[in-house]
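Have a look at the structure below, then the notes.
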């Protein structure tokens with residue numbers, strides 16, 4: 001990542017919340033370090049958070065719908081922007097009633113994995129590592145796993 005990090009906050013606690021001035025649909029990258037009488041530690045590995053509130057947060061008893069895929073495209077695009085990667089041209093415009101296809105989830109995973117790699121984050125483990133068109137039913141776990149990869 002070529003962009004510099006900025007000093008965001010200081011605390012004497014063991015945790016903190018950065019809640020000020022965040023732009024919606026934007027990924028923020030964080031590094032943390034301890035300071036004290038012995039000096040400063042090295043920075044932690046990078047971590048990310050994307051500022052978007054998802055519809056149907058739990059997805060328990062909810063069918064995957066176009067709105068979920070659209071939101072995933074937004075957060076994955078934000079991750080790619082933070083990773084300084086070009087935008088992705090996703091298959092199909094997502095509107096209500098569109099059938100969710102294997103390609104939609106596969107494209108999201110591929111775009112997300114590239115962003116995570118460029119940022120320096122670990123790869124994702126997926127419930128169904130391969131989604132086969134016509135034989136893999138798209139389920140809530142697929143949506144939740146991509147969501148988890150963006151924060």
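Which is surrounded by fewer than 16 Cβ atoms within 10 Å (Cβ to Cβ) and within 25 Å of residue 141 (Cβ to Cβ), of 54, 90, 43, 63?
Selected residue: 63, the only one of 54, 90, 43, 63 that is surrounded by fewer than 16 Cβ atoms within 10 Å (Cβ to Cβ) and within 25 Å of residue 141 (Cβ to Cβ).
Restricting to the stretch 119-151, give me the number of residues that are touching a residue at least 40 places away in the same chain (Cβ under 8 Å), in a loop (DSSP other than H, G, I, E, B) and surrounded by fewer than 19 Cβ atoms within 10 Å (Cβ to Cβ).
The total comes to 3.
So which residues in the stretch 69-94 are in contact with a helix residue (DSSP H, G or I) (Cβ under 6 Å, 6 or more places away or on another chain) and at pLDDT below 90?
91, 94 - these are the residues of the stretch 69-94 that are in contact with a helix residue (DSSP H, G or I) (Cβ under 6 Å, 6 or more places away or on another chain) and at pLDDT below 90.
Can you tell me which residues in the stretch 75-87 are surrounded by 17 or more Cβ atoms within 10 Å (Cβ to Cβ) and part of a helix (DSSP H, G or I)?
Filtering the stretch 75-87 for residues surrounded by 17 or more Cβ atoms within 10 Å (Cβ to Cβ) gives 75-80, 82-83.
The answer is 75, 76, 77, 78, 79, 80, 82.
The values are calculated or read from the model by the stated rules, or taken from the named source; none is laboratory data. Predicted model, so just to flag it, every value in this text is computed and none were measured. We place every Cβ from the backbone using ideal geometry, glycine too, and count neighbours over all the protein chains shown.
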